[in-house]
Amino acid sequence: AVKQNTNAARLLKRFVNNELDETRFKIIMKIQDKEKLGLPFVIRKSLDQVDGKPFLAGRMKDSKSSRTRGDRYFEFGTYGQNFAYLARKAISACKGKLPVVRVDYGFMIEAQRDEEMPEQILGCVSIGPGIEYATMAQGVNWTARSSVL
């Protein structure tokens, strides 16, 4: 997409260069093997409402996110408390149960004008199963911030 200079690639370049607001960062999260979570019916139905659907995950009013740009990489960090209510509830319901499933994440930058369309997934990652998130997080200084280059 970047080499072809598509609308999505131009949006990403503008986002990386701090020309676009952080609120335009979107995530699509898809949980595979949801039945392994053993969630109650009501929680499963709530999860189905957000699973595989894009949501804005960038910094909202009075919340935190960070951007770090290196010579050959770009990092954007956002916090779960920024997410919409249903997304937060779905993630919370899965807490402690994620080692048994695979979670696929995709990201894009929200298009707001016709000349920015169509939106396009710009990157993705698949995590799990078998990752012990709670163990991995021990000893991490979650308040440390990287300097923005």
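May I ask you to list the aspartates and glutamates whose Cα is less than 16 Å away from that of Lys13, ignoring any residue fewer than eight positions away on the same chain?
The reachable aspartates and glutamates, counting only those whose Cα sits under 16 Å from Lys13, are Asp21, Glu22, Asp71, Glu75, Glu110, Glu115, Glu116, Glu119.
What is the packing order of peptides 103-114, 35-46, taking the mean over residues of other C-beta atoms within 10 Å and listing the highest first?
Going by the mean number of other Cβ atoms within 10 Å, highest first, we get 103-114, 35-46.
Quick check for you: which residues of segment 93-112 have the amide N under 12 Å from the point 7 Å beyond the Cα of Thr135 toward its beta carbon?
Counting backbone N atoms under 12 Å from the label point, the list is 99.
Leaving ligands and nucleic acids out of the surface, order Phe15, Phe74 by accessible area at 1.4 Å, largest first.
Phe74, Phe15
Name the residues of segment 6-47 whose amide N is less than 14 Å from a point 7 angstrom out from the Cα of Met117 along the C-beta direction?
7-8
Roll a 1.4 Å probe over the protein heavy atoms and report the accessible area of Arg14 in Å², nearest 10.
Taking all protein chains as shown, Arg14 has close to 70 Å².
Simple spin-label model, 7 Å along Cα-to-Cβ: Lys45 to Asp21 in nm?
So the label points at Lys45 and Asp21 sit 3.5 nm apart.
The values are calculated or read from the model by the stated rules, or taken from the named source; none is laboratory data. These figures come from a predicted structure and were not determined experimentally. Positions of Cβ are backbone-derived with ideal geometry, glycine not excepted, and every protein chain shown enters the neighbour counts. Protein only, heavy atoms only, side chains kept; ligands, DNA and RNA dropped before computing areas. Shrake-Rupley method; radii C 1.70, N 1.55, O 1.52, S 1.80 Å.
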